[in-house]
Ligand code: BTN
């Protein structure tokens, strides 16, 4: 199927009446046959001209809808873009993804999500894009965002708990990613502290969590998730360090199925952080960790620390047991597995 190029397109499902979704629903319910314009207009309670206009909007978004005079309409294929209409079709969440804001190309989904959050966007709003011009990574790095290949999305959360519990939110995204890859694709991934998702020692996904808070109150948290899905090439400096789901499985991966499962897993874990102790999240993180119990080198900005990654601190920090036997707490940094010499 030819891919649709829609640079400059923006689409927010909730800002439009839900007509496009309803048209697709009716067309999908009769996917083998044509449905007449009259039946569609009757079912949707709108004129045949209005049906025709909406069908054309859907076509512009990449839906192939055949129309035969005096016979009717038939949905032939749907775009492989992460359109709100597609993500919402079969999404089982209560809060995350009720509002989905999609753009073909964007500076950074986190930047737009931060702006929408400041403007009062409701909790659970998702910003998703097919490509980013300046995708942002942890520690001031870039996130390479090849068009239509990866998943680039940000979720706005407004948790009611105190900021000290915020590290849980970073951890739940990595947990949700690992559970999604396993559930949808049967792929076993591991988490590298704090929230890199790794397969065979190579990074497949990362999380950038940004938050606006006062001492006692979180205003909003933006969870930005980047995953290498159908990427087949990486820049030279990432050779041997990055992988993608398609490279691991040698097949094209349905991004929409992954996004739905990811939002569902994220919501499940978000609700757990609201109702349970941080320990419950840390326990799951430890089960999926590929860092604890390994000899590592941590680049913590000014210093490099080497030793055994021994355990998590109560706020999600990483404790390293140095060769001297002393323990050092790491609050932020980059972990690399190394051989003990
Ligand atoms: C990391 O360095 O591992 C974190 C990468 C996070 C990238 C994602 S892509 C979607 C969202 N928007 C951004 O600008 N960054 C995050």
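The values are calculated or read from the model by the stated rules, or taken from the named source; none is laboratory data. None of these values were measured; they are calculated from a predicted model. Every residue, glycine among them, receives a Cβ derived from its backbone with ideal geometry; neighbour counts consider all protein chains shown.
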Original post:
Out of all the residues in the range 234-246, which are farther than 12 Å from residue 205 by Cβ and either buried (at least 19 other Cβ atoms within 10 Å of the Cβ) or at pLDDT 90 or above (or both)?
Top reply: 234, 235, 236, 237, 238, 240, 241, 246
Subject >> Hits in the range 62-76 (condition: within 24 Å of the chain's Cα centre (by Cα) and either closer than 16 Å to residue 22 by Cβ or part of a strand (DSSP E or B) (or both)) >> reply: 63
**OP:** Please enumerate the residues belonging to the range 148-163 that are within 13 Å of the ligand (Cβ to nearest atom), in contact with a strand residue (DSSP E or B) (Cβ under 7 Å, 6 or more places away or on another chain) and in a loop (DSSP other than H, G, I, E, B).
**Re:** 150
Original post:
On the given criteria, is residue 116 farther than 18 Å from residue 269 by Cα, touching a strand residue (DSSP E or B) at 6+ places or on another chain (Cβ under 7 Å) and within 14 Å of the ligand (Cβ to nearest atom)?
Top reply: yes
Original post:
With 165, 250, 190 as the choices, which residue is at pLDDT 95 or above and under 20 Å from residue 318 (Cβ atoms)?
Top reply: 190
Original post:
Taking residue 250 and the conditions (1) closer than 30 Å to residue 78 by Cα; (2) more than 16 Å from the ligand (Cβ to nearest atom); (3) touching a helix residue (DSSP H, G or I) at 6+ places or on another chain (Cβ under 8 Å), which numbered condition does it fall short on, given that it satisfies the others?
Top reply: (3)
**OP:** Could you tell me which of the residues 86, 94, 38 is modelled with pLDDT under 95 and either within 30 Å of residue 224 (Cα to Cα) or in a strand (DSSP E or B) (or both)?
**Re:** 86
Original post:
residue 207 is checked against (1) under 17 Å from residue 182 (Cα atoms); (2) within 12 Å of the ligand (Cβ to nearest atom) and fails just one. What number does that condition carry?
Top reply: (1)
**OP:** Working only within the range 135-147, note down all residues that are outside any loop (DSSP other than H, G, I, E, B), touching a residue at least 24 places away in the same chain (Cβ under 8 Å) and more than 6 Å from the ligand (Cβ to nearest atom).
**Re:** 139
**OP:** May I ask you to say which residue of 127, 221 is surrounded by 17 or more Cβ atoms within 10 Å (Cβ to Cβ), part of a strand (DSSP E or B) and either away from the ligand (no atom under 14 Å from the Cβ) or over 12 Å from the mean Cα position of the chain (by Cα) (or both)?
**Re:** 221
Original post:
Here are 245, 331: which of them is under 26 Å from residue 142 (Cα atoms) and within 22 Å of the chain's Cα centre (by Cα)?
Top reply: 245
Original post:
Does the range 167-181 include one or more residues that are within 9 Å of the ligand (Cβ to nearest atom), in contact (Cβ under 8 Å) with a residue 60 or more places away in the chain, under 13 Å from the mean Cα position of the chain (by Cα) and farther than 25 Å from residue 333 by Cα?
Top reply: no
Original post:
So, of the residues in the range 86-113 that are surrounded by 16 or more Cβ atoms within 10 Å (Cβ to Cβ) and over 28 Å from residue 19 (Cα atoms), which turns out to be farthest from the ligand (Cβ to nearest atom)?
Top reply: 111
Subject >> Check on residue 132, within 15 Å of the ligand (Cβ to nearest atom) and farther than 15 Å from residue 223 by Cβ >> reply: yes
Original post:
Picking from 63, 73, which residue would you name as being away from the ligand (no atom under 16 Å from the Cβ), farther than 23 Å from residue 265 by Cβ, buried (at least 19 other Cβ atoms within 10 Å of the Cβ) and modelled with pLDDT of 95 or more?
Top reply: 73
